[in-house]
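Colleague: The structure follows.
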Ligand code: ATP
Ligand code: MG
């Protein structure tokens, strides 16, 4: 049986360079590499999206997110399945069942929950708490082994394994196949650790699309010239010495990281080019140029893909997803006595 590789990305706003390098691009590379003998499920987590503020542009954003994959060079074939989460009702139904096997304590210990509920007091919507359980359903419905995500999502892979194991043990079955542990996931992706691009203005934080500061992030829709300027004005430090050191020089290290990934070179090699230099200008200019060129090329490809192209892709993907997810849901409904 073919293993399944699964990924989803929220669509509430535009995406950042961090999302591109940490999630989109590795996924496209993986899909192209593995789609001969693996199922590749790429879904739009629209149910996850409505957890955050709803801005009315969801349909546009959904189409856009798929165009991103296609523009990054995803080569479609019969093993690649692209679908919208809410068009496969089994995701919601499975979430409810999994909820009944998830503890409030473990859900409320998730770092993302803590971060996203901070300052909201008791007025935290339950979707924020339940997000990892919906994610567990997304994974378990398709028995996905690999879920290539950034490091900030590793905890959610672990809770998926915990919930699945709990249910398997409770009913003494192997109805759920566990996703691989996060270390193995990272290895499979060819990364030692999840890649984490930093904010350009506060490099101790990661770059996030929800960051209200425009200069903190490069958006994929940014005018390439503006992106150049953002890199040039990125926060660095006053040590006057280039070194890869995320702790003492997070701004400089972030630029080295971006440059290495975009030029497809090992970090050590890129670092050695600039190491010891007291002038940050060259590194900034080189990085800014590479980002500007990448965005120009990416946006031209993006603009050549039509909405109709994307809708056709959904039609086929949702037929497949409903079939697979529906069967798994039926098995679990039977197990817990609903059928
Ligand atoms: P938000 O601020 O709304 O949380 P985000 O930019 O953190 O947005 P997510 O939707 O949380 O993006 O995550 C989408 C994917 O991008 C995930 O796989 C996540 O691990 C990855 N990702 C997010 N930010 C970065 C980053 N700075 N560097 C590398 N990967 C990232
Ligand atoms: Mg995030």
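The values are calculated or read from the model by the stated rules, or taken from the named source; none is laboratory data. Model, not experiment: these values are computed from the prediction. So basically every Cβ, Gly included, is an ideal-geometry build from the backbone, and we count neighbours across all protein chains shown.
Colleague: Which of the residues that make up the range 205-218 are in a loop (DSSP other than H, G, I, E, B), free of Cβ contacts under 8 Å to residues at least 60 places away in the same chain and either in contact with a helix residue (DSSP H, G or I) (Cβ under 7 Å, 6 or more places away or on another chain) or more than 15 Å from ligand 2 (Cβ to nearest atom) (or both)?
Modeller: Applying the first criterion (in a loop (DSSP other than H, G, I, E, B)) to the range 205-218 yields 205, 207-213, 217-218.
Applying the additional criterion that residues be free of Cβ contacts under 8 Å to residues at least 60 places away in the same chain yields 205, 211-213.
Once the filter is applied, which keeps residues that are in a loop (DSSP other than H, G, I, E, B), free of Cβ contacts under 8 Å to residues at least 60 places away in the same chain and either in contact with a helix residue (DSSP H, G or I) (Cβ under 7 Å, 6 or more places away or on another chain) or more than 15 Å from ligand 2 (Cβ to nearest atom) (or both), the range 205-218 yields only 213.
Colleague: When residues of the range 132-151 are filtered for being assigned to a helix (DSSP H, G or I) and modelled with pLDDT under 95, how many remain? Show your work before the answer.
Modeller: Quick first cut of the range 132-151, residues assigned to a helix (DSSP H, G or I) only: 132-140, 151.
From the residues that got through so far, the ones that are modelled with pLDDT under 95 too are 151.
Counting residues in the range 132-151 that are assigned to a helix (DSSP H, G or I) and modelled with pLDDT under 95 gives 1.
Colleague: Restricting attention to the range 145-153, does a residue exist that is more than 16 Å from ligand 1 (Cβ to nearest atom), in contact (Cβ under 8 Å) with a residue 60 or more places away in the chain and over 25 Å from residue 206 (Cβ atoms)? Break it down into steps so the answer makes sense when it comes.
Modeller: Our first condition is that a residue be more than 16 Å from ligand 1 (Cβ to nearest atom); within the range 145-153, this holds for 145.
This time we only want the ones that are in contact (Cβ under 8 Å) with a residue 60 or more places away in the chain, so: 145.
From what is left, the residues that are over 25 Å from residue 206 (Cβ atoms) are 145.
Taking every residue of the range 145-153 in turn, at least one turns out to be more than 16 Å from ligand 1 (Cβ to nearest atom), in contact (Cβ under 8 Å) with a residue 60 or more places away in the chain and over 25 Å from residue 206 (Cβ atoms).
Colleague: Another question, then. Identify, from the list 116, 120, the residue that is farther than 23 Å from residue 325 by Cβ and part of a helix (DSSP H, G or I).
Modeller: On the way: 120 fails: part of a helix (DSSP H, G or I).
Result of the check over 116, 120: 116.
Colleague: Quick check, is residue 94 within 22 Å of residue 163 (Cα to Cα) and within 15 Å of ligand 1 (Cβ to nearest atom)?
Modeller: It is false that residue 94 is within 22 Å of residue 163 (Cα to Cα) and within 15 Å of ligand 1 (Cβ to nearest atom).
Colleague: Just to be sure, is residue 165 at pLDDT 95 or above, over 19 Å from residue 91 (Cβ atoms) and in a helix (DSSP H, G or I)? First the steps, then the outcome.
Modeller: Values: at pLDDT 95 or above: yes; over 19 Å from residue 91 (Cβ atoms): yes; in a helix (DSSP H, G or I): yes.
The answer is yes for residue 165.
Colleague: Would you please name the residue that is modelled with the lowest pLDDT, looking only at residues in the range 1-16 that are away from ligand 2 (no atom under 14 Å from the Cβ) and under 12 Å from the mean Cα position of the chain (by Cα)?
Modeller: 7
Colleague: Anything in the range 143-176 that is more than 21 Å from the chain's Cα centre (by Cα) and closer than 17 Å to residue 334 by Cβ? List them, or say none.
Modeller: 164, 167, 168, 170, 171, 172, 173, 174, 175, 176 - these are the residues of the range 143-176 that are more than 21 Å from the chain's Cα centre (by Cα) and closer than 17 Å to residue 334 by Cβ.
Colleague: Take residue 173 and tell me if it is exposed (fewer than 13 other Cβ atoms within 10 Å of the Cβ), at pLDDT 90 or above, within 25 Å of residue 265 (Cα to Cα) and in contact with a helix residue (DSSP H, G or I) (Cβ under 8 Å, 6 or more places away or on another chain). If you could, list the steps in order and put the result at the bottom.
Modeller: On the way: exposed (fewer than 13 other Cβ atoms within 10 Å of the Cβ): yes; at pLDDT 90 or above: yes; within 25 Å of residue 265 (Cα to Cα): no; in contact with a helix residue (DSSP H, G or I) (Cβ under 8 Å, 6 or more places away or on another chain): yes.
Answer is no for this residue.
Colleague: Another question about this same structure. Among (1) in a helix (DSSP H, G or I); (2) free of Cβ contacts under 8 Å to residues at least 40 places away in the same chain; (3) closer than 23 Å to residue 34 by Cβ; (4) away from ligand 2 (no atom under 16 Å from the Cβ), which single condition is residue 105 missing?
Modeller: Of everything listed in (1) in a helix (DSSP H, G or I); (2) free of Cβ contacts under 8 Å to residues at least 40 places away in the same chain; (3) closer than 23 Å to residue 34 by Cβ; (4) away from ligand 2 (no atom under 16 Å from the Cβ), residue 105 misses just condition (3).
Colleague: Determine whether the range 197-204 contains at least one residue that is outside any loop (DSSP other than H, G, I, E, B), in contact with a helix residue (DSSP H, G or I) (Cβ under 8 Å, 6 or more places away or on another chain) and closer than 30 Å to residue 139 by Cα. Even if it seems obvious, please write down each step before you answer.
Modeller: Let us first name the residues in the range 197-204 that are outside any loop (DSSP other than H, G, I, E, B), namely 198.
Next cut, in contact with a helix residue (DSSP H, G or I) (Cβ under 8 Å, 6 or more places away or on another chain) only: 198.
In the following step, the residues that additionally are closer than 30 Å to residue 139 by Cα were identified as 198.
Yes; the residues of the range 197-204 include at least one that is outside any loop (DSSP other than H, G, I, E, B), in contact with a helix residue (DSSP H, G or I) (Cβ under 8 Å, 6 or more places away or on another chain) and closer than 30 Å to residue 139 by Cα.
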